[in-house]
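This report refers to the structure that appears directly beneath it.
The values are calculated or read from the model by the stated rules, or taken from the named source; none is laboratory data. On a predicted model such as this, the values are computed, not experimentally measured, just so you know. Heads up, the Cβs are rebuilt from the backbone with ideal geometry, glycines too, and the neighbour counts pull from every protein chain shown. For accessibility, only protein heavy atoms count, side chains too; no ligands or nucleic acids. Shrake-Rupley method; radii C 1.70, N 1.55, O 1.52, S 1.80 Å.
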Amino acid sequence: MNEVVKTTDEALDVDIPNLDVGPYLRAEAGALERLAAQWRQVCEEVGFFSIQNHGIDPDLIERAFAASRRFHSLPLERKMEIPLDSNNVGYMPVNASMQRHSQVEKARKPNYNASFFCKLDRGPDDPAVKAGLPFMGMNQWPRDLPGFREDVMAYQNAVRALGQKMLPVVARSLDLPQDFFAPYFDPPQIAHRLLHYPIRNEAEPEQFGTGAHTDSGFLTFLMQHGVSGLQIRRRDGTWFDVPVLPGRFVINTGDMLRRWSNDRFLSTPHRVLNVSAVERYSIALFFDPNLDQLIECLPSCQGPDNPPKYPPITYREYFTNFVNANYFHRQK
């Protein structure tokens, strides 16, 4: 029998909570409710955790990281052939974003990372593409990089499917019917980011790979690869290093889920500081509601003594405000 994980600050000194999702994915009797109870605890107390036995092929993960390294090793002029566009897809070089939306700390320097962004891989005949809907355009792919698109999308599709499988867990953790979130993620809004953190110039004060912030959305699925750098802020304001957990996803809940749950679930501050003296790579997939769904306080998270704290908002409106504040290309 799985026990609810302990999430004391003492435990966080050396680790973050870990959830075994294998029994649930194998549809073992009672596994959904046991996992939902664990999920509830870590989301209310920590906001970050890892998962194991998620079923995604380790070889697929390795291919995704190999694809990222191939892309980021291209000459800058090749990468700049597909600059980050109005849909937030394409290449973003170092020092081209800044955590201006953050309410954690005032950002004083741009983020010292480069990123390749993609979303659901729509074609020219997709209705959203034809309609020119913001953040729902076609991806930009580098030329003459055989297999890159295929490996990146294979990874995205696998993690997207995992996100869909976690929706009943989130629902039950919030005392909702297990199919509650299904219509909000049909399809989901995906932001898929291949991150490269160059070796940090330690002579630059207040320079972070990614400045202190909270994520904007629902769930973030992060895979690290060999080099640490992710730091999470405790409630007492101190920061601790998240260990690299081979093959495990690090998941955190974001601002939209916190808002949706009337602040029941946390959106925990975090940052990246690469002081390893080697380059760092990670892959983040942001699994969020459909852009045009109206997000209003969940019925299980409000009552006569706990009224909704936030007005209804579409995720498109919220996400637009977020990217406009943080990405320099949106401000030109």
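Data for the structure
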{"quantity": "Selected residue [over 19 Å from residue 163 (Cα atoms) and part of a loop (DSSP other than H, G, I, E, B)] from 318, 310, 281", "calculated": "310"}
{"quantity": "Filter result for residue 278 (surrounded by fewer than 19 Cβ atoms within 10 Å (Cβ to Cβ) and among the hydrophobic types (A, V, I, L, M, F, W, C))", "calculated": "yes"}
{"quantity": "Restricting region 284-309 to residues that are acidic (Asp, Glu) and touching a Phe, Trp or Tyr at 6+ places or on another chain (Cβ under 9 Å), the residue that is surrounded by the fewest Cβ atoms within 10 Å (Cβ to Cβ)", "calculated": "292"}
{"quantity": "Residue selected from region 235-266 under the condition in contact with a Phe, Trp or Tyr (Cβ under 9 Å, 6 or more places away or on another chain) and among the β-branched types (Val, Ile, Thr), by the criterion farthest from residue 295 (Cα to Cα)", "calculated": "242"}
{"quantity": "Wholly within region 137-237, strands (runs of 3 or more DSSP E) carrying at least 1 residues that are over 28 Å from residue 67 (Cα atoms) and either touching a strand residue (DSSP E or B) at 6+ places or on another chain (Cβ under 6 Å) or without any contact (Cβ under 8 Å) to a residue 24 or more places away in the chain (or both)", "calculated": "230-233"}
{"quantity": "Test: residue in region 167-176 that is in contact with a Leu (Cβ under 8 Å, 6 or more places away or on another chain) and under 30 Å from residue 226 (Cα atoms)", "calculated": "yes"}
{"quantity": "Meets criteria (open to solvent by 60 Å² or more (accessible area, probe 1.4 Å) and either more than 17 Å from the chain's Cα centre (by Cα) or not hydroxyl-bearing (Ser, Thr, Tyr) (or both)) for residue 243", "calculated": "no"}
{"quantity": "Pairs with Cβ under 6 Å, 6+ apart, first in region 285-299 and farther than 28 Å from residue 116 by Cβ, second in a strand (DSSP E or B) and open to solvent by 50 Å² or more (accessible area, probe 1.4 Å)", "calculated": "none"}
{"quantity": "Cβ pairs under 9 Å, 6+ apart, first in region 55-73 and closer than 13 Å to residue 193 by Cα and aliphatic (A, V, I, L, M), second open to solvent by 50 Å² or more (accessible area, probe 1.4 Å) and part of a helix (DSSP H, G or I)", "calculated": "67/149; 67/150"}
{"quantity": "Of all residues in region 45-81 being of a type in the set (Val, Ile, Thr) and outside any loop (DSSP other than H, G, I, E, B), the one that is nearest to residue 239 (Cα to Cα)", "calculated": "51"}
{"quantity": "Lone unmet requirement of (1) surrounded by 14 or more Cβ atoms within 10 Å (Cβ to Cβ); (2) within 21 Å of the chain's Cα centre (by Cα); (3) not acidic (Asp, Glu) for residue 178", "calculated": "(2)"}
{"quantity": "Among (1) open to solvent by 40 Å² or more (accessible area, probe 1.4 Å); (2) more than 22 Å from residue 181 (Cα to Cα) - the single one residue 271 does not satisfy", "calculated": "(1)"}
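Here's the yes/no breakdown for (1) touching a Gly at 6+ places or on another chain (Cβ under 6 Å); (2) within 30 Å of residue 247 (Cβ to Cβ); (3) open to solvent by less than 50 Å² (accessible area, probe 1.4 Å); (4) at pLDDT 95 or above:
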| residue | (1), (2), (3), (4) |
| --- | --- |
| 68 | no, yes, yes, yes |
| 71 | no, yes, yes, yes |
| 75 | no, no, no, yes |
| 86 | no, no, no, no |
| 97 | no, yes, yes, no |
| 104 | no, yes, yes, no |
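Residues are listed down the side, and each one gets a yes or a no for (1) farther than 29 Å from residue 16 by Cα; (2) open to solvent by less than 60 Å² (accessible area, probe 1.4 Å); (3) touching a Leu at 6+ places or on another chain (Cβ under 7 Å):
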{"site": "225", "(1), (2), (3)": "no, yes, no"}
{"site": "231", "(1), (2), (3)": "no, yes, yes"}
{"site": "266", "(1), (2), (3)": "no, yes, no"}
{"site": "282", "(1), (2), (3)": "no, yes, yes"}
{"site": "311", "(1), (2), (3)": "yes, no, no"}
{"site": "323", "(1), (2), (3)": "no, yes, no"}
